[in-house]
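All remarks here apply to the structure that follows.
The values are calculated or read from the model by the stated rules, or taken from the named source; none is laboratory data. On a predicted model such as this, the values are computed, not experimentally measured, just so you know. Every residue, glycine among them, receives a Cβ derived from its backbone with ideal geometry; neighbour counts consider all protein chains shown. Areas reflect the complete protein model, heavy atoms only, side chains present, ligands, DNA and RNA absent. Shrake-Rupley method; radii C 1.70, N 1.55, O 1.52, S 1.80 Å.
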Amino acid sequence: MSRRLARLAAIAILAGAFSGLFGVGGGGIMVPLLVLWIGYDEREATGTSLAAIVIIAGAAALVQGIGYGKVDVAKGILIGIPAVAGVIAGTALQQRVPTRAISGVFAVVLVVSAISLVI
């Protein structure tokens with residue numbers, strides 16, 4: 001197995017584990033690792049992460065719902081449908097903002113999130 005393929009597999013396993021543990025894995029885990037370990041730029045890493053999240057989120061929701069009864073489908077739909085507008089707006093904005101600014105804002109969001117979780 002090539003080194004790149006091994007790194008992609010490790011990223012996938014970590015993203016899946018974090019999705020199951022915390023409900024996150026794409027943006028918080030997969031994107032930084034695709035940038036740091038594979039050399040993707042932020043836009044490619046984000047797009048790749050979003051494609052993978054379709055599969056990861058579906059599997060995690062099934063396991064949480066079927067295995068543990070912890071999925072409220074109605075609330076998921078209530079959150080998910082309006083979120084599509086945010087996805088469209090965020091993607092359009094991402095294409096217009098310099099890559100360095102995207103990285104900086106993303107780093108700040110991760111740090112602030114981490115601090116707020118432990119305080």
- Simple spin-label model, 7 Å along Cα-to-Cβ: ILE88 to VAL109 in nm? 1.9 nm
- With each pseudo-label sitting 7 Å past Cα toward Cβ, what's the THR99-ILE13 distance in nm, one decimal? 2.9 nm
- Residue span ARG4 to LEU21: 0.36 nm per residue of separation minus Cα-Cα distance leaves a gain in nm of 3.6 nm
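With +1 on each Lys and Arg Cβ and -1 on each Asp and Glu Cβ, how big is the dipole of the chain about its Cα centre, in debye rounded to the nearest 20?
In debye, rounded to 20, the chain gives about 160.
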- Estimate the FRET efficiency between VAL73 and ALA51 by the formula 1/(1 + (r/R0)^6), using the beta-carbon distance for r and 22 Å for R0, to the nearest 0.05. 0.45
- Run the accessible area of the chain with a 1.4 Å probe and give the carbon-and-sulfur part as a rounded percent. 74 percent
- Message: Above 23 Å lies some portion of the pair distances; for the chain, what is it as a whole percent of all C-alpha pairs?
- Response: 38 percent
- May I ask you to evaluate 6.51 cos²θ - 1.76 cosθ + 1.60, the Karplus curve with θ = phi - 60°, for each residue of segment 82-92 and list the ³J(HN,Hα) values in order in whole Hz, giving x for glycine and proline? x, 5, 4, 4, x, 5, 4, 5, x, 5, 4
- Query: Ranked from highest to lowest mean number of other Cβ atoms within 10 Å per residue, what is the order of the peptides 54-65, 27-38?
  - Reply: 27-38, 54-65
- Enter the accessible area per residue of segment 11-119 (Å², integer; probe 1.4 Å; all protein chains in place). 67 Å²
